[in-house]
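See structure below.
The values are calculated or read from the model by the stated rules, or taken from the named source; none is laboratory data. None of the values given here were measured: they were computed from a predicted structure. Cβ coordinates were reconstructed from backbone atoms using ideal geometry, including for glycine residues, and neighbour counts include every protein chain displayed.
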Amino acid sequence: MPAGKVKWYDADKGFGFLSREGGEDVYVRADALPAGVTSLKPGTRVEFGVAAGRRGDQALQVRVLEPTPSVAKQQAKARRKSPEDMVVIVEDTIRLLDQLGGTFRAGRFPEGRTSKQTAALLRALADELSA
């Protein structure tokens, strides 16, 4: 089966073109997409069958090999904090958690406001680490 990448695809019009590896572009219609797929992002790697059409080769039974990363993920990686900034954040978080541990050792739970702020900080730190 030929492989390539999506050159462009217009979901509103229901067609686009795939760039075949080592060959010419191939026309693709919406009915050749896999079940549940309504659009293709440019750059997405695909495999497809080919049939000769009136105006050139046409893709049949397109299979998505690896979807392109979402723009949101790409932007999140671009906005990552520097390692130097992360050192300060992690060290401050450790101090905060040490204080929280002292509160628990004293037999108390932290105040509601402190708990919510700490939870929000830990979620934000986790998001930064997983970006």
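A few points about this structure:
- Near pairs, Cβ below 6 angstrom, 6+ apart or cross-chain, from the range 103-131 (farther than 12 Å from Ile89 by Cβ) to any residue that is of a type in the set (Val, Ile, Thr): Pro110/Thr103
- In the range 95-131, residue surrounded by the fewest Cβ atoms within 10 Å (Cβ to Cβ) [restricted to those that are of a type outside the set (A, V, I, L, M, F, W, C) and under 25 Å from the mean Cα position of the chain (by Cα)]: Ser130
- Filtered residue count, the range 1-35, keeping only those that are surrounded by fewer than 21 Cβ atoms within 10 Å (Cβ to Cβ) and part of a loop (DSSP other than H, G, I, E, B): 12
- Only one of the listed residues (Val62, Val88) is part of a strand (DSSP E or B) and either farther than 30 Å from Lys5 by Cβ or modelled with pLDDT of 90 or more (or both). That residue is Val62.
- Tabulated pairs, the range 15-39, first assigned by TED's automatic domain parsing to the domain that holds Arg54 and at negative phi, second among the aliphatic types (A, V, I, L, M) and surrounded by fewer than 17 Cβ atoms within 10 Å (Cβ to Cβ), C-beta under 6 angstrom, 6+ apart or interchain: Glu21/Ala3; Ala32/Leu60; Thr38/Ala11; Ser39/Ala11
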